[in-house]
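Heads up: the structure comes next, in structure tokens.
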């Protein structure tokens, strides 16, 4: 008897999805997939455009923060046959962080 009551209760409270809800969800998923592909293609075109501009002698600011004109942000250190590369944003982050820290320390500690 308890099992029958559970069946009646669960059947009366469950919401059935119709075909139109399924079609709507599928169309939404398809739209999201198409948007992702278009965004990826746009990003690829933007990277290609940046590279072409750099090769033509007009690198962007972010490509020049590593003090060279090789169309990337990486700082390359070559010692013999080995090469060490790291993103220039790390260097600039440390430099600006130290400067800001020294200024903040000077303001806080030298208060009279």
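Size descriptors for the stretch 64-112 (Cα atoms only): Rg and Dmax, in that order, 16.2, 55 Å. For 73, 111, 78, the sequence from fewest to most other C-beta atoms within 10 Å is 111, 78, 73. Spin-label model, residue 105/residue 30: points 7 Å from Cα along the beta carbon direction are separated by 6.2 nm.
Fewest-first ordering of 51, 90 by other beta carbons within 10 Å of each residue's beta carbon gives 90, 51. Which of rounded, prolate or oblate describes the stretch 15-112 when judged by the alpha-carbon gyration tensor and an a/c cut-off of 1.5? Judged from the Cα gyration tensor, the stretch 15-112 comes out oblate (a/c at least 1.5, b/c at or above a/b). Compared with the alpha-carbon gap, the fully stretched path from residue 58 to residue 79 is longer by 4.7 nm at 0.36 nm per residue.
FYI, it's all coordinate maths here, none of it is from the lab. It should be emphasised that the depicted structure is a prediction, and the values quoted were computed from it without experimental measurement. Methodologically, a virtual Cβ is constructed for each residue, glycine included, from the backbone with ideal geometry; neighbour enumeration extends over all protein chains shown.
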